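Enquirer: Can you keep this structure in mind? I'll have questions shortly.
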Amino acid sequence: MANQQASRARNGAELFIQALENEGVKYLFAVPGEENLDFLEALRTSNIQLVLNRHEQAAGFMAATYGRLTGKVGVCLSTLGPGATNLVTAAAYAQLGAMPMMMISGQKPIKSSKQGLFQILDVVDLMRPLTKYTRQISNANTIPAKVREAFRLASEERPGAVHLELPEDIAAEEPAPDTHIFQPSDARRPTASTKSLDMACEMLRQAKHPLIMIGAGANRKRVSQALIHLVNSTNIPFFTTQMGKGVIDERHPRYLGNAALSSGDFVHCAINHADLVINVGHDVVEKPPFFMKPGGKQVIHVNFSGADVDPVYFPQHEVVGDIANSVEYMAENCGECRNHDFSRFMEVKEAVDRHLQDRADDDRFPVIPQRIVRDVRAVVPEDGIIALDNGMYKLWFARNYPAYDNNTVLLDNSLASMGAGLPSAMMASMLYPKQKVMAICGDGGFMMNSQELETAVRLNLDLVVLIINDSAYGMIKWKQGQEGFADFGLDYRNPNFVTYAESYGATGHRITRTEELQPTLEKALAAGGVHLVDVPVDYSENHRVFDEELAELTCKL
């Protein structure tokens, strides 16, 4: 049973804050309402830092990113009704992306109400399909137990979102004098069975062309170290999903590339050649990096939990348990096998490396994506962090931008929500003030939470926001063209981004020649403070590379 400590809270709100302090919460991201005022007063004298956001969705994105980067539960707060509904996208973002996050929403008094049904929604029921746990608190005495249970579930594999609703009258209610705070447990993740690990090693020895795939669940320090050991001890080549970027330094000689697309890219030539894929940390929530077919290659699923059966993913063997322990065991016990043949994989690597250098120095204007990626990589230090919003540029960065460490490329390929790039970068800058951080957003995604520039300036963050500007929803335009539809309904006009940034107290820059991009980014990163850089993009390369060139070159490979 968990240890307990007595509480001296005068009301439910103070008890809630004490429970959060007990969990080690450092930040609370919030757009408070009148239903949260007792909670806000209790927070005022707490050691938890309030981060006042300009939209609840951004508060949720920041809390989720805190969970992603630290492994601890990020916490956000909203009022009832529209405040709570604005958290819905962030809830799905955390839940699908396996980011531990707690949402707290207010509510009208539940024991008596003088306002009828004004603003009242069944938020608990609304959150049920989007969370691991959602409850209304109906008695102040139960607050510590509900907070502890919510944190436990948010953190447990697979991590995700949880929600608690704190009504006004419960926040003001005096708890019983014998109410206790529950201490966090030190439960460890279970380890995979030796039998399943030995079977995985045997499958690896029997294979002739094994290949390692690294997914989002591997994007943690201990797993990263274990995977480096496995690759170095077996010499097996590896590739990553979008959310697995950087788990192993992508300058490693055995790195083949990123499966940014589901099929038809260079890396799929290697996947098709493999007779065994060791899948570390990927599950079907993330967009498929390749499609399995009955009677095809064998797949070993190495993850914290068993594989969801899916028409395109049905592994023949599963190693279920703590990923780092499983991979370390395989590194120590599988050994290098002499019958492995990686020559075909190395041919693919050479082709990928040549392809990714193509047109990276192109100086046409507006700037093509390959040049944007090259210039960003040139200015971001090895430990620098880029946070990508969702749009066409995300594919280019996933494929063309080499990541050197885990969680230095923050992107979302599970919910793939627009509007997350800026808040995610803000969270990274808060957590790692000594590291250079850049948000990379399309003009569409940026404008969905652009008001958070004010929050970033108010928090004195050091942050560069690169806006890749095509005055359209560019990825959908590309898909529209792919499917033979007329160009219609996806173009818009943008504000003057330089003036817009300056109106918030940030510094704005506009790129008018391609050769200005790299030095402008360098100066912005060096200067400190919040900088916005507006760069026009030429997306004609989408069709040339993804629709024409890949089809031709990968067939020849």
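Enquirer: Return a yes/no flag: does the stretch 221-238 have any residue that is of a type in the set (Phe, Trp, Tyr), buried (at least 18 other Cβ atoms within 10 Å of the Cβ), touching a Lys or Arg at 6+ places or on another chain (Cβ under 7 Å) and closer than 30 Å to Pro100 by Cα.
Expert: There is at least one residue in the stretch 221-238 that is of a type in the set (Phe, Trp, Tyr), buried (at least 18 other Cβ atoms within 10 Å of the Cβ), touching a Lys or Arg at 6+ places or on another chain (Cβ under 7 Å) and closer than 30 Å to Pro100 by Cα.
Enquirer: Which ones in the stretch 134-188 are more than 22 Å from the chain's Cα centre (by Cα) and among the basic types (Lys, Arg)?
Expert: If the condition is that a residue be more than 22 Å from the chain's Cα centre (by Cα) and among the basic types (Lys, Arg), then Arg135, Lys146, Arg148, Arg188 are the ones that fit.
Enquirer: Taking the conditions exactly as written (closer than 17 Å to Asn86 by Cβ and at pLDDT 95 or above), does Ala161 satisfy them or not? Please lay out each step first, then the result.
Expert: Numbers: closer than 17 Å to Asn86 by Cβ: yes; at pLDDT 95 or above: yes.
Yes, satisfied.
Enquirer: Kindly evaluate Ser112 against the criterion of being buried (at least 24 other Cβ atoms within 10 Å of the Cβ) and not assigned by TED's automatic domain parsing to the domain that holds Leu422.
Expert: Here the answer is no, as Ser112 does not meet what is asked.
Enquirer: Moving to a separate point now. For the stretch 311-370, which positions are closer than 19 Å to Ile300 by Cβ and among the hydroxyl-bearing types (Ser, Thr, Tyr)?
Expert: Tyr313, Ser326, Tyr329
Enquirer: Cβ-Cβ below 6 Å, separation at least six or inter-chain, first residue in the stretch 346-369 and assigned to a helix (DSSP H, G or I) and surrounded by 19 or more Cβ atoms within 10 Å (Cβ to Cβ), second of a type in the set (Asp, Glu) and modelled with pLDDT under 95: which pairs?
Expert: Pro369/Glu541
Enquirer: Restricted to the stretch 378-397, and to residues that are over 13 Å from the mean Cα position of the chain (by Cα) and closer than 20 Å to Leu261 by Cβ, which residue is surrounded by the fewest Cβ atoms within 10 Å (Cβ to Cβ)?
Expert: Leu395
Enquirer: Inside the stretch 164-208, can you point out the residues that are in a loop (DSSP other than H, G, I, E, B), in contact with a helix residue (DSSP H, G or I) (Cβ under 6 Å, 6 or more places away or on another chain) and touching a residue at least 60 places away in the same chain (Cβ under 8 Å)? Full working, then the answer.
Expert: To start, the set of residues in the stretch 164-208 that are in a loop (DSSP other than H, G, I, E, B) comprises 173-179, 183-193, 207-208.
Remaining after also requiring in contact with a helix residue (DSSP H, G or I) (Cβ under 6 Å, 6 or more places away or on another chain): 173, 175-176, 179, 191-192.
Result: Glu173, Pro175, Thr179, Thr191, Ala192.
Enquirer: Given the conditions (1) crowded, with 19+ Cβ neighbours inside 10 Å; (2) outside the structural domain of Phe290 (by TED's automatic domain parsing), report the number of the one that Arg128 does not fulfil.
Expert: If we test Arg128 against (1) crowded, with 19+ Cβ neighbours inside 10 Å; (2) outside the structural domain of Phe290 (by TED's automatic domain parsing), just (1) comes out false.
Enquirer: Same structure, new question: Would you call Val73 in the same structural domain as His163 (by TED's automatic domain parsing) and farther than 23 Å from Ala145 by Cα?
Expert: No: the conditions fail for Val73.
Enquirer: Have a look at Glu515, Glu483, Glu454, Glu502 and point out the one that is charged (D, E, K, R) and at pLDDT below 95. Working first, answer last.
Expert: Details: Glu515 fails: at pLDDT below 95; Glu454 fails: at pLDDT below 95; Glu502 fails: at pLDDT below 95.
Sole residue among the options that is charged (D, E, K, R) and at pLDDT below 95: Glu483.
Enquirer: What pairs come out if I take residues in the stretch 395-413 that are on the phi > 0 side of the Ramachandran plot and pair them with residues that are in a helix (DSSP H, G or I) whose C-beta lies under 7 Å away, six or more apart or interchain?
Expert: Asn407/Leu69
Enquirer: A further question follows. Of all the residues that make up the stretch 251-264, how many are modelled with pLDDT under 95 and surrounded by fewer than 24 Cβ atoms within 10 Å (Cβ to Cβ)?
Expert: 5
Enquirer: Could you say whether any residue in the stretch 50-67 is free of Cβ contacts under 8 Å to residues at least 24 places away in the same chain, more than 16 Å from the chain's Cα centre (by Cα) and closer than 27 Å to Pro433 by Cα?
Expert: yes
Enquirer: Quick check on the stretch 96-108: of everything there that is of a type outside the set (A, V, I, L, M) and in contact with a Pro (Cβ under 6 Å, 6 or more places away or on another chain), which residue is surrounded by the most Cβ atoms within 10 Å (Cβ to Cβ)?
Expert: Restricting to residues being of a type outside the set (A, V, I, L, M) and in contact with a Pro (Cβ under 6 Å, 6 or more places away or on another chain), the top hit is Pro100.
Enquirer: Would you say Ala398 is among the hydrophobic types (A, V, I, L, M, F, W, C) and either assigned to a helix (DSSP H, G or I) or within 30 Å of Val284 (Cβ to Cβ) (or both)?
Expert: Criteria met by Ala398.
Enquirer: Being surrounded by 14 or more Cβ atoms within 10 Å (Cβ to Cβ) and not in a helix (DSSP H, G or I) is the filter here; which residues of the stretch 315-340 pass it?
Expert: Pro315, His317, Glu318, Val319, Val320, Gly321, Asp322, Cys334, Cys337, His340
Enquirer: Sticking with this structure for a sec: Looking at the stretch 472-481, is at least one residue of a type outside the set (Asp, Glu) and within 19 Å of His509 (Cα to Cα)?
Expert: Kept after step one, since they are of a type outside the set (Asp, Glu), are these residues of the stretch 472-481: 472-481.
Of the ones still in play, those that are also within 19 Å of His509 (Cα to Cα) are none.
The answer is no; no qualifying residue exists.
Enquirer: Condition first: touching an Asp or Glu at 6+ places or on another chain (Cβ under 8 Å) and either at pLDDT below 90 or among the aliphatic types (A, V, I, L, M) (or both). Now tell me which residues in the stretch 531-557 satisfy that.
Expert: Correct list: Val537, Leu550, Thr554, Leu557.
Enquirer: Please go through (1) free of Cβ contacts under 8 Å to residues at least 40 places away in the same chain; (2) not in a loop (DSSP other than H, G, I, E, B) for Val284 and return the number of the only condition it doesn't satisfy.
Expert: In the conditions (1) free of Cβ contacts under 8 Å to residues at least 40 places away in the same chain; (2) not in a loop (DSSP other than H, G, I, E, B), Val284 misses (2) alone.
Enquirer: Can you name the residue in the stretch 515-541 that is of a type outside the set (A, V, I, L, M, F, W, C) and touching a Pro at 6+ places or on another chain (Cβ under 8 Å) and, of all such residues, is farthest from Gly442 (Cα to Cα)? Before you say what the answer is, go through the steps one by one.
Expert: First, the residues of the stretch 515-541 that are of a type outside the set (A, V, I, L, M, F, W, C): 515-516, 518-520, 522-523, 528-529, 531, 534, 536, 538-541.
Adding the requirement that they be touching a Pro at 6+ places or on another chain (Cβ under 8 Å) leaves 536, 538-539, 541.
Details: Pro536: 10, Asp538: 13, Tyr539: 12, Glu541: 16 Å.
By that ranking, first place goes to Glu541.
Enquirer: Return only the number of the condition from (1) exposed (fewer than 14 other Cβ atoms within 10 Å of the Cβ); (2) in contact (Cβ under 8 Å) with a residue 12 or more places away in the chain that His301 does not satisfy.
Expert: His301 satisfies all of (1) exposed (fewer than 14 other Cβ atoms within 10 Å of the Cβ); (2) in contact (Cβ under 8 Å) with a residue 12 or more places away in the chain except (1).
Enquirer: Just give me the residues in the stretch 48-95 being surrounded by 24 or more Cβ atoms within 10 Å (Cβ to Cβ) and in a strand (DSSP E or B), in sequence order.
Expert: Gly74, Val75, Cys76, Leu77, Ser78
The values are calculated or read from the model by the stated rules, or taken from the named source; none is laboratory data. What you see is a predicted model, and the numbers here were worked out from it, not measured in a lab. Ideal geometry is used to build each Cβ from the backbone, glycine not excepted, and the neighbour counts take in all protein chains shown.
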